[in-house]
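Enquirer: I'd like to ask you about the structure that follows.
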Amino acid sequence: MTRPAPTDASAPSGSPDFTGLRATYVNCTLNRSPGRSHTQGVIDRSIAIMEANGVGVDRFRAVDHDIATGVRPDMTEHGWDTDAWPALLDRVLAADILVIGGPIWLGDNSSVTKRVIERLYGHSGVLNPRGQYAYYGRVAGCLLTGNEDGLKHCAMNILYSLQHIGFTVPPQADAGWLGEVGPGPSYLDEGSGGPENDFTNRNIAFMTYNLMHLAAMIRGAGGFPAHGNQRTAWDDGTHPGHTNPEYR
């Protein structure tokens, strides 16, 4: 049976309150600051919506920091002399919303994007105070730019990875801009049409609001429900919905 769509009368009245929410944007461009980043142009449009709605925003370019390669929380404990990631992870964990932005190269995510996701994965086994995995209760989305195809492929990879390690992904949690295939103007280049593109601007707005809506819903619920998903309870022998043969 098909569930009917909600009517206007059933929609909540009044403007949503997003004040107090925090978002962190990680730009995975290959260009160090202060070099130009077309990905930052797309990110800035989303940030403007967040800030206009009272959301506190943090942002950084991953390539500006000495992030070690690996899948451990701190790679200085595994042979690396330096590792900037632990301090950057604190900035991710301080936020309700994570947005990963990056370029498309050879139809795939940048090497910097992949490194950031690997380092996020390295913390995924840590538990929060409720016995859930650390990223539970946080929402995530992604933004992409490029001069070739691959946007949906890259978004699928990022969003799958983030939900797999515990982030919650709302509807339409990706957006981006693709220029003409092959050599040509990039997003911020004069005459590219990128900043004026209605399709891209609509998708960025929908993604940004959906992230804020879901983060506010989770905050209002006191976090992601802690039932049937607590690693601590499972390890103690509590397996909800799983028949325990000792009690047959």
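The values are calculated or read from the model by the stated rules, or taken from the named source; none is laboratory data. Remember, it's a predicted structure, so these values are computed and weren't measured experimentally. No Cβ is skipped: glycine too gets one built from the backbone with ideal geometry, and neighbour counts run over all protein chains shown. For accessibility, only protein heavy atoms count, side chains too; no ligands or nucleic acids. Shrake-Rupley method; radii C 1.70, N 1.55, O 1.52, S 1.80 Å.
Enquirer: Return the residue satisfying two criteria in turn: it lies in the range 63-90 and is among the aliphatic types (A, V, I, L, M) and part of a loop (DSSP other than H, G, I, E, B), and of such residues it is nearest to Arg138 (Cα to Cα).
Expert: Among residues in the range 63-90 that are among the aliphatic types (A, V, I, L, M) and part of a loop (DSSP other than H, G, I, E, B), the one nearest to Arg138 (Cα to Cα) is Val71.
Enquirer: Another one. Would you check which residues across the range 16-55 are of a type in the set (Gly, Ala, Ser) and open to solvent by 70 Å² or more (accessible area, probe 1.4 Å) and list them?
Expert: Once the filter is applied, which keeps residues that are of a type in the set (Gly, Ala, Ser) and open to solvent by 70 Å² or more (accessible area, probe 1.4 Å), the range 16-55 yields only Ala52.
Enquirer: Being in a strand (DSSP E or B) and open to solvent by less than 30 Å² (accessible area, probe 1.4 Å) is the filter here, so list the residues in the range 108-139 that pass it.
Expert: The first filter runs over the range 108-139 and keeps only residues in a strand (DSSP E or B), leaving 108-109, 127, 133, 139.
Passing the criteria: Asn109, Val139.
Enquirer: Checking the structure you have, find out if any residue of the range 80-92 is in contact with a strand residue (DSSP E or B) (Cβ under 6 Å, 6 or more places away or on another chain) and either acidic (Asp, Glu) or in contact (Cβ under 8 Å) with a residue 12 or more places away in the chain (or both).
Expert: Scanning the range 80-92, I find at least one residue that is in contact with a strand residue (DSSP E or B) (Cβ under 6 Å, 6 or more places away or on another chain) and either acidic (Asp, Glu) or in contact (Cβ under 8 Å) with a residue 12 or more places away in the chain (or both), so the answer is yes.
Enquirer: Would you pick out the residues in the range 31-65 that are hydrophobic (A, V, I, L, M, F, W, C) and in contact with a strand residue (DSSP E or B) (Cβ under 7 Å, 6 or more places away or on another chain)? So that I can check it myself, show each step before the final result.
Expert: First, pick out the residues of the range 31-65 that are hydrophobic (A, V, I, L, M, F, W, C): 42-43, 47-50, 52, 55, 57, 60, 62-63.
Within the range 31-65, Val42, Ile43, Ile47, Met50, Val55, Val57, Phe60, Ala62 meet the criteria.
Enquirer: Can I ask one more? What helices (runs of 4 or more DSSP H), lying completely within the range 140-243, carry at least 3 residues that are surrounded by fewer than 19 Cβ atoms within 10 Å (Cβ to Cβ) and under 15 Å from the mean Cα position of the chain (by Cα)?
Expert: Correct list: 151-164, 198-220.
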